[in-house]
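The values are calculated or read from the model by the stated rules, or taken from the named source; none is laboratory data. What you are looking at is a predicted structure, and each value in this text was computed from that prediction instead of being measured. All Cβ positions, even for glycine, are placed from backbone atoms using ideal geometry, and neighbour counts span all protein chains on display.
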């Protein structure tokens, strides 16, 4: 994971008063998994993205 991306995103949601109630809730409860992909058009990245989406849909 790229340095500080997770914390910057969390700060954006919680400290900038993001209007989405669900986003605020999951970040306050630390009930999320943030994944960063280098290039979503790269063939090597497509399979992990699809796998992550599939796993998310199962949960």
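Structure notes:
- Of residues in segment 1-29 being in a loop (DSSP other than H, G, I, E, B) and modelled with pLDDT of 90 or more, the one farthest from the chain's Cα centre (by Cα): 19
- Extreme residue, farthest from residue 55 (Cα to Cα), among residues of segment 1-33 that are touching a residue at least 12 places away in the same chain (Cβ under 8 Å) and surrounded by fewer than 11 Cβ atoms within 10 Å (Cβ to Cβ): 2
- Against the list (1) surrounded by 10 or more Cβ atoms within 10 Å (Cβ to Cβ); (2) touching a helix residue (DSSP H, G or I) at 6+ places or on another chain (Cβ under 8 Å), the condition residue 36 fails is (1).
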